[in-house]
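Student: Have a look at this one before I ask anything.
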Amino acid sequence: MKKQDKKIYNLIKEETERQRCGIELIPSENYASEHVRNPLSSAFVNKYSEGYPYKRYYGGNEFVDKVEELAQNRVKKLFGVEYANVQPYSGSPANFAVYMATCQPGDTIMGQALITGGHLTHGAHVSFSAIYFKSQQYGVGTKKQGKDGLFDFKEIRALALKHKPKLIWVGASAYPLQIPFAKFAKIADEVGAYLAADIAHIAGLIAGGMHPSPVPYAHIITTTTHKTLRGPRGGIIMVTKKGLKKDPELPKKLNKAIFPGLQGGPHDNQTAAIAAALYEASQPSFTTYAKRIVKNSKILAKTLMDGGLNLVGEGSENHLILVDLTQTHGAGSGYFAEYALDAVGLTLNKNTVPGEQSSPFYPSGIRLGTPAATTRGMKEKDMKFIGKQMLKVLEIVKKYQLPTEKTERKEYLSKFRKEIDSNKLLKSIKKEVRQMAIGFKIP
């Protein structure tokens, strides 16, 4: 490749170096092991296999069938479910298939609002899930409500009773506390709705015993495979015993929704890599890993709170931390924080917060997590180091405030980026971060 396609070779080299010299804190990213990455470039990348095991539309699938069946069985054993489809290309197609299997266009659905930590495909107005279905969104509060976390179940129940949704989603992309699945199940059962648990962020924590499982409560479960599960980029759909009891035809409906409803042939190399990741997740070492993720997240959260930052949920109970910068830095300050932190090699993402006073484009918070850093072997002292460096950077960006006039923003942000790129203290912090990061290998 170095000789034949130097441009792509150099880009791969540069990205590898970026990852090696920085610390990945985006909670939805991780590092796949060599064991997982090898199947992605195996002979399975060459095959096409529309259909399902032993019922293909093409010949030559005798080994593909065994790989997919192995992956299905590993899902069922790891999570304790009755059915698994491992063909979704990613999480969004998996969720779309759930709609196709349980709803008709125009039916009412419910999900957590994107701006309060939910997911696009759970009914956000810009998503197909609100374009083709009537979406009712529930939110979260800014204060803990005991064992219910940030959820107001009185309000959620009232919303469900009023609108009678056919499908209710539970699961989030920016929620730092444990999810009380049983409470959602009680509401779904009361109104006769399907309960779908999207565990994309916490699948690895559930597999490792560090988060309660939705299996006893949900009818359907979806997940991606590349976050805390530490696999390739892909998706999985599961049906529980409760789901089969509600509708014995659910597996057939979901299979049909994926193919031929949404997708063509599965990515067989991806299926093989998912099977490899599931094998890793079934080992005792993965339980140790899941425990370390949560421990690291709690330590990092405490470091940030001790430094004067406001955390949604007052800490972390999983892999994720959501910092609300509204009071300390002002509305819309997430943009400044993300850019400056990325400049020193601490990569995370700007994010909306409950009670958001700005917009998703210029939100008032930042979202970070510990799965990737934990994969590299970072522990308690490393989390404290990361937290302290973050506090230094965030102190520097305090003086920057998002202009209320949109016409002024382009020039202001351009000036901000130039000042950050030339800031001597930030360059010094970047050297410290790099020195720390290169001491930890990437799989």
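Student: In debye, nearest 20: dipole of the chain around its Cα centre with unit charges on the Cβ of K, R (+) and D, E (-)? Let's see the in-between values first.
Tutor: Details: 63 positive and 40 negative charges, 147 e Å.
Here the chain has a charge dipole of around 700 debye.
Student: Cβ neighbours within 10 Å, averaged per peptide: list 228-241, 313-326, 357-370, 138-151 in order, most packed at the top.
Tutor: Numbers: 228-241: 25.9, 313-326: 24.0, 357-370: 22.5, 138-151: 16.6.
Output ranking for 228-241, 313-326, 357-370, 138-151: 228-241, 313-326, 357-370, 138-151.
Student: Here's another thing I want to ask about it. For each pair in Lys227/Lys298; Lys154/Lys398; Lys13/Lys66; Lys47/Lys166; Lys134/Lys245, compute the distance between the two Cα atoms and list the pairs where it is over 30 Å.
Tutor: As for pairs spanning more than 30 Å Cα to Cα, those are Lys154/Lys398; Lys13/Lys66; Lys47/Lys166.
Student: For the stretch 295-437, with only Lys/Arg (+1) and Asp/Glu (-1) charged at the beta-carbon, what is the dipole magnitude about the Cα centre, in debye rounded to 20? List each step's numbers first, then the result.
Tutor: On the way: 24 positive and 16 negative charges, 126 e Å.
For the stretch 295-437, the charge dipole is close to 600 debye.
Student: Right, next: Below 11 angstrom from the Cβ of Ser33, what's the summed charge of the other residues (Lys, Arg +1; Asp, Glu -1)? Before the final figure, lay out the partial values.
Tutor: Numbers: positive: Arg37, Arg230; negative: Glu34, Glu280.
So the surrounding residues net to 0.
Student: Roughly speaking, what is the centre-to-centre gap between the stretch 365-443 and the stretch 232-291 when only Cα atoms are used, to the nearest Å?
Tutor: 36 Å
Student: Compute the Cα gyration tensor for the stretch 288-443, then decide on rounded, prolate or oblate, letting a ≥ b ≥ c be the square roots of its eigenvalues: rounded whenever a/c is under 1.5, prolate when a/b is larger than b/c in the other cases, and oblate in all that remain.
Tutor: Details: a/c = 2.23, a/b = 1.41, b/c = 1.58.
Because a/c hits 1.5 or more and a/b fails to exceed b/c, the stretch 288-443 counts as oblate.
Student: Ranked highest first by the average count of other Cβ atoms within 10 Å around their residues, in what order do 16-22, 390-396 fall? Working shown, then result.
Tutor: Details: 16-22: 14.0, 390-396: 19.3.
Going by the mean number of other Cβ atoms within 10 Å, highest first, we get 390-396, 16-22.
Student: Also, quick follow-up: Using only the Cα atoms of the stretch 265-343, build the gyration tensor, take square roots of its eigenvalues as a ≥ b ≥ c, and label the shape rounded, prolate or oblate: rounded if a/c is under 1.5, else prolate if a/b is larger than b/c, else oblate. Write out the running numbers ahead of the final one.
Tutor: Details: a/c = 3.61, a/b = 1.80, b/c = 2.00.
Oblate shape, in that a/c is at least 1.5 and b/c is the bigger or equal ratio.
Student: So, one more: Residue farthest toward the positive end of the dipole of the stretch 295-437, with Cβ of Lys/Arg at +1 and Asp/Glu at -1: which of Phe385, Pro354, Thr328?
Tutor: Highest projection toward the positive end goes to Phe385.
Student: Let me ask you something else. Classify the chain as rounded, prolate or oblate from the Cα gyration tensor: take a ≥ b ≥ c as the square roots of its eigenvalues, call it rounded if a/c is under 1.5, otherwise prolate when a/b beats b/c and oblate if not. Walk me through the numbers before you get to the answer.
Tutor: Working: a/c = 1.76, a/b = 1.25, b/c = 1.41.
Judged from the Cα gyration tensor, the chain comes out oblate (a/c at least 1.5, b/c at or above a/b).
Student: Sorted by mean Cβ packing within 10 Å, highest first, what order do the peptides 163-173, 400-410, 122-132 take?
Tutor: On the way: 163-173: 23.9, 400-410: 12.9, 122-132: 18.6.
Per-residue mean Cβ counts within 10 Å order the peptides as 163-173, 122-132, 400-410.
All of the numbers you see were taken from the coordinates with simple rules; none came from a lab. These numbers come from a predicted model, not from an experiment. FYI the Cβ positions are ideal-geometry reconstructions off the backbone, even for glycines, and counts take in every protein chain you see.
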